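Trainee: Sharing a structure, written as structure tokens. Questions coming.
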Amino acid sequence: MRNRVLLVEDQASVRFGIREFLETHDIEVDEAENCQAARERFLRMRPDAAVLDYALPDGTALDLLVPLREIDATVPLVVLTAHGSIDLAVRAVKAGADQFLTKPVELPALLIILQRLIDQARLKRHQQAGLALEQRARPEPFLGSSAVIRTLEAHARRVATADSPLLLLGETGTGKGVLASWLHRHSGRAGEPFVELNCASLSQEFVETELFGHEKGAFTGAGAAKLGLLEVAHRGTAFLDEIGDLHADVQPRLLKVLEEQRFRRLGSVTDRYVDVRLIAATHRDLGTLVREARFRADLYFRINTIPLRVPPLRERAEDIPLLACRLIEQTARAFGRQPLELSRGAEEALCRYPWPGNIRELRNVLERAVLLSDGPALGVRDLRFETGASEPVVDARSLTLREVEQRHIEAVLREERGRVDRAAVRLGIARSSLYQKIKQYRIAVVKV
């Protein structure tokens, strides 16, 4: 995507010269001739950088620096002046300027400075969004040769570059988050942030402040302003997992972002504009939720522009051996183990099991097997399924109380993705007690 610069200058001839030069270097330029227009354009445009002339008809660049920083503190600001002085430069930097240049400015030097500042700001946004971790590990969402996974890949490649909202449908643990990350990396926004929020794990208040941010003093405990994830994801992708659990009072605010690309932080009366592509995911039947008046119909139709269904593991059993070998290889490497093989009997057992937890459950079973095994190959005895040994179903009445408790703890930990604090709340016990039971039952806790 082209970088965008806001040029604030009252002399039309100067604006023309700078704009023509920057546009020849593939930079999109918007213009403002005074402070008031600059604030309005900045808020609506959300540029990658702004160049501000010091002397303007209704004020100076110093009058602009603070309000522009309040709108978006991540945008670099460059001040130009025909009467440079050390005192003025110091005042400008203290007020928030990233660079102070005297006029007439050398345009090649201005270009280099803008590119450097924009790259630095983009890197900072990426770090905020946690992209460093994503760059280290990029799972493949289409591993396998089954017809359903090949169909999914073909559809995903066709829509990856579109800017329309995407809705990923599928059971829990099928890899919707992995697919969302892949879609971002293969989109026109690949160089921008990818931000994820699980709507099911947060209350209405937390969802609102995480999505939209808040101003200082917006509520008790809001000691400082907070940047919302939508602002962090500006020009990138926002992935809302389990959108079917999004609180009803938050749904109209999200719809407004999709339709008008604007929102307000909690405690603010100022609209903020963002350019974000939305990818949503759910394991729920949103159509049923709409009919039951538990999900807004207008939001459903907006996010359902391009639906992609991620198949459950039981519909692609032929892919299980390849998936298992890849997961075993990754886990062994992560835990410093020698490469492990998968025995024929273990492979058959994996293919027979129905995998209600899908790929996430497969990963957990294999990670536990790698951790606890001693030999060079994983056998049937190394596999501990949630429903018993290597068979699809076991009558719970045949289990001891100890086995029932152990399997229930393992199931809750898996559903909470290895987060012990959340699992303890669901189990109704203290976190220290849960740690004792994890140690007692030798449960391998792996965060996913």
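Trainee: Name the one entry in Asp245, Asp241 that is under 16 Å from the mean Cα position of the chain (by Cα), among the acidic types (Asp, Glu) and surrounded by 17 or more Cβ atoms within 10 Å (Cβ to Cβ). Walk me through how you get there before you give the answer.
Mentor: Numbers: Asp245 fails: under 16 Å from the mean Cα position of the chain (by Cα).
The unique qualifying residue is Asp241.
Table: residues versus (1) crowded, with 20+ Cβ neighbours inside 10 Å; (2) assigned to a helix (DSSP H, G or I).
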site: Phe295; (1), (2): yes, no
site: Asp298; (1), (2): no, yes
site: Phe301; (1), (2): no, yes
site: Pro311; (1), (2): yes, no
site: Ala317; (1), (2): no, yes
site: Leu322; (1), (2): no, yes
site: Cys325; (1), (2): no, yes
site: Ile328; (1), (2): yes, yes
site: Thr331; (1), (2): no, yes
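Trainee: Right, next: Inspect segment 253-265 for any residue being of a type in the set (A, V, I, L, M, F, W, C) and more than 17 Å from Ala233 (Cα to Cα) and give the result as yes or no. Show your work before the answer.
Mentor: If we filter segment 253-265 for residues that are of a type in the set (A, V, I, L, M, F, W, C), which is where we start, we get 254-255, 257-258, 263.
Then drop every residue that is not more than 17 Å from Ala233 (Cα to Cα), which leaves none.
Checked segment 253-265: no residue is of a type in the set (A, V, I, L, M, F, W, C) and more than 17 Å from Ala233 (Cα to Cα).
Trainee: Let me ask something additional. Would you be able to tell me the number of residues in segment 166-191 that are outside any strand (DSSP E or B), closer than 21 Å to Arg302 by Cα and among the aliphatic types (A, V, I, L, M)?
Mentor: Summing the residues that are outside any strand (DSSP E or B), closer than 21 Å to Arg302 by Cα and among the aliphatic types (A, V, I, L, M) in segment 166-191 gives 3.
Trainee: Taking only segment 17-35 into account, find how many residues are within 15 Å of Leu110 (Cβ to Cβ) and either aromatic (Phe, Trp, Tyr) or assigned to a helix (DSSP H, G or I) (or both).
Mentor: Residues meeting the conditions: 8.
Trainee: Determine, yes or no, whether Leu183 is modelled with pLDDT of 95 or more, under 27 Å from Val75 (Cα atoms) and surrounded by 13 or more Cβ atoms within 10 Å (Cβ to Cβ).
Mentor: It is true that Leu183 is modelled with pLDDT of 95 or more, under 27 Å from Val75 (Cα atoms) and surrounded by 13 or more Cβ atoms within 10 Å (Cβ to Cβ).
Table: residues versus (1) in the same structural domain as Ile149 (by TED's automatic domain parsing); (2) within 21 Å of Leu169 (Cα to Cα); (3) in contact with a strand residue (DSSP E or B) (Cβ under 6 Å, 6 or more places away or on another chain).
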position: Asp249; (1), (2), (3): yes, no, no
position: Asp271; (1), (2), (3): yes, no, yes
position: Asp275; (1), (2), (3): yes, no, no
position: Tyr300; (1), (2), (3): yes, yes, no
position: Arg326; (1), (2), (3): no, no, no
position: Gln330; (1), (2), (3): no, no, no
position: Arg344; (1), (2), (3): no, no, no
position: Leu350; (1), (2), (3): no, no, no
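Trainee: Applying the selection to segment 323-344, what residues are free of Cβ contacts under 8 Å to residues at least 24 places away in the same chain and acidic (Asp, Glu)? Outline the logic, then answer.
Mentor: Of segment 323-344, the ones free of Cβ contacts under 8 Å to residues at least 24 places away in the same chain are 325, 329-330, 333-334, 336, 339, 344.
Glu329 - this is the single residue of segment 323-344 that is free of Cβ contacts under 8 Å to residues at least 24 places away in the same chain and acidic (Asp, Glu).
Trainee: Further question on the same structure: State whether the residues of segment 414-422 include one that is at pLDDT below 85 and closer than 18 Å to Leu372 by Cα.
Mentor: Yes, because at least one residue in segment 414-422 is at pLDDT below 85 and closer than 18 Å to Leu372 by Cα.
Trainee: Follow-up question, since we're still on this one. Show the residue pairs meeting these rules: Cβ distance below 9 Å; 6+ apart or different chains; first residue within segment 219-243 and over 13 Å from Val207 (Cα atoms); second residue buried (at least 22 other Cβ atoms within 10 Å of the Cβ) and acidic (Asp, Glu).
Mentor: Ala233/Glu192; His234/Glu192; Arg235/Asp48; Arg235/Glu192; Gly236/Glu192; Thr237/Glu192
Trainee: Can I ask one more? Looking at segment 138-165, which of its residues are among the small types (Gly, Ala, Ser) and either in a helix (DSSP H, G or I) or without any contact (Cβ under 8 Å) to a residue 60 or more places away in the chain (or both)? Outline the logic, then answer.
Mentor: Initial filter on segment 138-165 (among the small types (Gly, Ala, Ser)): 144-147, 154, 156, 160, 162, 164.
Ala147, Ala154, Ala156, Ala160, listed by residue number.
Trainee: Filter segment 268-280 down to residues that are buried (at least 16 other Cβ atoms within 10 Å of the Cβ) and either of a type outside the set (A, V, I, L, M) or over 29 Å from Trp182 (Cβ atoms) (or both) and give me whichever is farthest from the chain's Cα centre (by Cα). Step through it out loud before you land on a result.
Mentor: Let us first name the residues in segment 268-280 that are buried (at least 16 other Cβ atoms within 10 Å of the Cβ), namely 268, 272-280.
Checking the rest, the ones that are also either of a type outside the set (A, V, I, L, M) or over 29 Å from Trp182 (Cβ atoms) (or both) come to 268, 272-273, 275, 277.
Values: Ser268: 24, Arg272: 20, Tyr273: 19, Asp275: 15, Arg277: 11 Å.
The qualifying residue farthest from the chain's Cα centre (by Cα) is Ser268.
Trainee: Looking at His283 and the list (1) under 20 Å from Ser187 (Cβ atoms); (2) in contact with a Ser or Thr (Cβ under 6 Å, 6 or more places away or on another chain); (3) surrounded by fewer than 21 Cβ atoms within 10 Å (Cβ to Cβ), which single condition is not satisfied?
Mentor: (1)
Trainee: Which residues, counting only those in segment 76-116, are assigned to a loop (DSSP other than H, G, I, E, B) and under 40 Å from the mean Cα position of the chain (by Cα)? Before you say what the answer is, go through the steps one by one.
Mentor: Within segment 76-116, the first condition is being assigned to a loop (DSSP other than H, G, I, E, B), and the residues that meet it are 76, 82-85, 96-98, 103-106.
Of everything in segment 76-116, those that are assigned to a loop (DSSP other than H, G, I, E, B) and under 40 Å from the mean Cα position of the chain (by Cα) turn out to be Pro76, Gly96, Ala97, Asp98, Val105, Glu106.
The values are calculated or read from the model by the stated rules, or taken from the named source; none is laboratory data. Note that the structure is predicted; figures quoted are calculated from it, not measured. FYI the Cβ positions are ideal-geometry reconstructions off the backbone, even for glycines, and counts take in every protein chain you see.
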